[in-house]
Amino acid sequence: MGFLATGVAGDLTLGNYLKIVSKGAVYNNLSEDSPIWDFIKKKKKGPSEGRELRYLLRSAYGASAAAFVSVDGGAYPTAQQATISEGTANYKDFALTVEVERTLIAKALSDFSRYGEPLAEELRSKSIALSRQLSRACYGDGTGIIGEVQSTSVSGGVLTVTLSTEDTAYGHVGNFELGDKIKCANTDGTDQAPSLTGTYDYLLVTAKSRDNNTVSFTGYTTAGIDGTITAANDIGDGDMFHRYGTTAQDINPTSGITDYGKASEEWAGLESLSEDDGHVVNGITLSGALAGTRRDASGNPIDSQDFQQMMSQVMIAVGQGRYKYSKAMMAWETLDALIESREVDRRFQSVQDNQRGTSSLGYIHGKNTLTFDADEFCRKDRIYVCPEGDVLQFHGSDFEFVKPDGGQKFFLTPNSSADGHKRSIRAYMEGSGCLVSVHSPAIGVIHNFTA
């Protein structure tokens, strides 16, 4: 990510710093953190306008109105209109908060070379943190659930959770960020808490293992101190993790989510936009002609046959040559497994990337050459193949300063324990956007495999 060059004039304010970091932050920073954003940033269709985005999808031609007829005075076919479905996607807001010491800003104004870098680092970190959350959401299902509990253990005041890796499980270990605040709830959205000293508030991610699918937490109290977890207590098999500050969802089959595009504060990502099981996303039921194209590997190791059959299914669904396919997004572990497979399966090809001058692994299906891109936010048992063109669309706005009083961008930080303010300054920035698919059958997915 480009930032401030050395030798910047000493009259820069916090506003200048923030604007430099935030200007295009979604489209510059995120592509460095996740290949999915390198792909989606090219799909930006325009700013977010109003509260929602509406779009129309054709799901049937009215086929019975076209037929052979008798040559000796037979009747015309009965009319049948084409079927049109309307989708309605709500724009989702995202924001970041920057807080720095007021004296640091004053010193940076007079001597940027000495004091500017700590300030720049704080701004850069917050921009990247939001970038990573948006990248994660692009693979999500819209529920805001980042992982599902399989089992728990407690040792030395630390709660270690093994996450479920079932094909139908919510989330995965790649969704958890070190140092992030997490909450746990059961399937009807009721908070689940561990046993600790003090009044429980949240879990803090302290470690994670992709190999073992585990995440470790310490427990914090409402006083903001480590409460030393003594037992998992309510947290157990089937419970769901979500980020602190987001709403826990009721996901019971009979009383839960009716539309994944409106399920939480997050937009519905690829996991929901590509479904074929009758999911409702943005008012569109993903079944029949509107369903995504998914290849179930039935729990077997990933191999070239899965790519061949998935891509053939896509060609049948949308027509050969309608779109160009160039990338397959997957987890690093999946890429590692495919590299091993190349030694015994010649259908996986080394693809030359002329821009970077390096070789990468890919698969050739007809006129389409899929280059494999690894992404830590993609599940180990998912591979997503999205076409070039306008199938996957991001409608959103750039970050803007929050100015509640009509012009002021910066605020003294309130003192939570007494009247007055701290000697620090806060600035808030926010943006808005939504991710939609206007042709889900064109999105190919391989799922339920081992890597």
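FYI, it's all coordinate maths here, none of it is from the lab. Just so it is clear, the structure is predicted and the values come from calculations on it, not from any experiment. Don't worry about glycine lacking a Cβ; one is built from the backbone with ideal geometry, like all the others, and counts go over all protein chains shown.
For S274, no residue 5 or more places off, or on another chain, has a built amide H under 5 Å of its own.
As a proxy for reagent exposure, ranking W37, W267, W332 by other Cβ atoms within 10 Å from fewest up yields W332, W37, W267.
Calculate, for K324 and K41, the FRET efficiency according to 1/(1 + (r/R0)^6) with r their C-beta to C-beta distance and R0 22 Å; round to the nearest 0.05. Walk me through the numbers on the way to the answer.
Details: r = 18 Å, r/R0 = 0.80.
Approximately 0.80, to the nearest 0.05.
Couplings for region 257-269, taken from phi via the Karplus curve 6.51 cos²θ - 1.76 cosθ + 1.60 with θ = phi - 60°, read 5, 9, 8, 5, x, 10, 6, 8, 5, 8, 6, 7, x Hz in order; Gly and Pro are left as x.
Bridging of K107 to lysines at a Cα separation below 23 Å is possible for K19, K126, K409, K422, once same-chain residues fewer than 8 apart are set aside. Within region 414-451, find all residues whose amide N lies under 14 Å from a label point positioned 7 Å from the Cα of T165 along Cα-to-beta-carbon. Hits in region 414-451 for T165 at 14 Å: 448-451. Computed from phi, the 3J(HN,Hα) profile of region 324-329 under the Karplus parametrisation 6.51, -1.76, 1.60 (θ = phi - 60°) reads 9, 10, 10, 9, 10, 9 Hz, with x in place of Gly and Pro. Among F176, F401, the ranking by other beta carbons within 10 Å of each residue's beta carbon, starting with the fewest, stands as F401, F176. Place a point 7 Å from Cα of S59 in the direction of its Cβ. Which residues in region 298-312 have their backbone N less than 12 Å from it? No residue passes the distance filter. Residue-wise HN-Hα couplings along region 178-184, as the Karplus relation 6.51 cos²θ - 1.76 cosθ + 1.60 with θ = phi - 60° gives them from phi, are 4, x, 7, 8, 10, 10, 10 Hz; Gly and Pro carry x. Its Cα gyration tensor gives region 145-243 an equivalent ellipsoid. The semi-axes, each the square root of 5 times an eigenvalue, are 20, 14, 12 Å from largest down.
Determine the gain in length on full extension of the stretch F411-E49; use 0.36 nm per residue of separation and subtract their C-alpha separation, reporting nm with one decimal. List each step's numbers first, then the result.
Details: separation 362, 0.36 × 362 = 130.32 nm, distance 2.77 nm.
Extra length from F411 to E49 when fully extended: 127.5 nm.
The length gained by stretching the chain between S298 and S255 to full extension, at 0.36 nm per residue less their Cα-Cα distance, is 12.6 nm. Sorted fewest first by neighbouring Cβ atoms within 10 angstrom, H421, H242 come out as H421, H242. A Förster radius of 60 Å combined with the Cβ-Cβ distance from S360 to D72 puts the calculated FRET efficiency at roughly 0.40.
Checking the a/c ratio against 1.5 first, then a/b against b/c, what shape does the Cα gyration tensor give for region 282-328?
Since a/c reaches 1.5 but b/c is at least a/b, the shape of region 282-328 is classed as oblate.
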